[in-house]
1. Could you tell me whether GLY134 is in contact with a Lys or Arg (Cβ under 7 Å, 6 or more places away or on another chain), under 23 Å from GLN46 (Cβ atoms) and not polar (S, T, N, Q)?
2. Specify the residue that is farthest from LEU85 (Cα to Cα); the eligible residues are those in region 133-164 that are part of a loop (DSSP other than H, G, I, E, B) and in contact with a strand residue (DSSP E or B) (Cβ under 7 Å, 6 or more places away or on another chain).
3. Which residue is farthest from THR126 (Cα to Cα), if the candidates are limited to region 54-91 and must be open to solvent by 70 Å² or more (accessible area, probe 1.4 Å) and of a type outside the set (S, T, N, Q)?
4. Can you pull out every residue in region 102-114 that is in contact (Cβ under 8 Å) with a residue 60 or more places away in the chain and closer than 23 Å to LYS77 by Cα?
5. Out of all the residues in region 106-143, which are of a type in the set (A, V, I, L, M), touching an Asp or Glu at 6+ places or on another chain (Cβ under 7 Å) and open to solvent by 10 Å² or more (accessible area, probe 1.4 Å)?
6. Between a residue in region 133-154 that is in contact (Cβ under 8 Å) with a residue 40 or more places away in the chain and under 14 Å from GLU48 (Cα atoms) and any residue that is among the hydroxyl-bearing types (Ser, Thr, Tyr) and part of a helix (DSSP H, G or I), which pairs come within a Cβ distance under 6 Å, given they are 6 or more apart or on different chains?
7. Scan region 34-72 for residues that are over 17 Å from ASN141 (Cα atoms), among the β-branched types (Val, Ile, Thr) and either part of a helix (DSSP H, G or I) or at pLDDT 95 or above (or both) and report the count.
Amino acid sequence: MRIAMLASEAAPYVKTGGLGDVMQALPGELAKEKGNEVVLSEVLSQKELVVLNFWYTTCSWCIEEFPYMESAYQTYKEDIGIVALNPYTSDSIESIRLFKDQYGLTFDVARDVGLSTAFGVTAYPTSVMVDRYGTICLIVNGAITGEKYFNVIFEHFIGADYKQMLINN
């Protein structure tokens, strides 16, 4: 089980955090808790798409979205990586761990202490799609409330015929 605490300095990780920006090279470990780590650069080197999802435990739309995200993730987990980032300091690591277990989430869940600020996240949930080239290609503010929508997004980013394009939400 991966529950993680993100490093507190977001600035080195993202140029500006906007559509079309390229994620900067990430030094060392990005996320860590009890020996488990999520290294975004490693995920990007192994997957065709990384989804950074910003959420918190009492967000009703986040709770609505997660089952659809989890189901689509099960279909595409060989090709995509998801890191769900919780920026709320009132949500303890233990409450995040319990949330992950309660909702049966199998993707990485982390405590965010800076990336949401770098991305200017003001709505929850917010999903940021980073393609295989490290480019932020899609930012979805608000819940994605259907597995088919996740499937369409994931299918766009995977496969040999992928053509990079920015998608304005």
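1. Numbers: in contact with a Lys or Arg (Cβ under 7 Å, 6 or more places away or on another chain): no; under 23 Å from GLN46 (Cβ atoms): yes; not polar (S, T, N, Q): yes.
So GLY134 fails the test.
2. Within region 133-164, the first condition is being part of a loop (DSSP other than H, G, I, E, B), and the residues that meet it are 133-134, 142-146, 158-164.
Cutting the leftovers down to in contact with a strand residue (DSSP E or B) (Cβ under 7 Å, 6 or more places away or on another chain) gives us 134, 144, 158, 164.
Numbers: GLY134: 18, ILE144: 16, ILE158: 23, GLN164: 25 Å.
Among residues in region 133-164 that are part of a loop (DSSP other than H, G, I, E, B) and in contact with a strand residue (DSSP E or B) (Cβ under 7 Å, 6 or more places away or on another chain), the one farthest from LEU85 (Cα to Cα) is GLN164.
3. Our first condition is that a residue be open to solvent by 70 Å² or more (accessible area, probe 1.4 Å); within region 54-91, this holds for 58, 60-61, 64, 67-68, 74-75, 77-78, 88-90.
Imposing the further condition that a residue be of a type outside the set (S, T, N, Q) reduces the set to 61, 64, 67-68, 77-78, 88.
Values: TRP61: 10, GLU64: 13, PRO67: 15, TYR68: 14, LYS77: 20, GLU78: 23, TYR88: 14 Å.
That would be GLU78.
4. Start the filter on region 102-114 by keeping residues that are in contact (Cβ under 8 Å) with a residue 60 or more places away in the chain, which leaves 108-114.
Within region 102-114, ASP108, VAL109, ALA110, ARG111, ASP112 meet the criteria.
5. Step one: of region 106-143, the residues of a type in the set (A, V, I, L, M) are 109-110, 113, 115, 118, 121, 123, 128-130, 136, 138-140, 143.
When the remaining residues are screened for being touching an Asp or Glu at 6+ places or on another chain (Cβ under 7 Å), the result is 136, 143.
Result: ALA143, single match.
6. Sorted first by the residue in region 133-154, then by its partner, the pairs are PHE154/TYR76.
7. The qualifying residues number 1.
The values are calculated or read from the model by the stated rules, or taken from the named source; none is laboratory data. These figures come from a predicted structure and were not determined experimentally. Neighbour counts run over all protein chains shown; Cβ positions are idealised from the backbone, glycine included. Note: areas computed on protein heavy atoms with side chains; ligands, DNA, RNA excluded. Shrake-Rupley method; radii C 1.70, N 1.55, O 1.52, S 1.80 Å.
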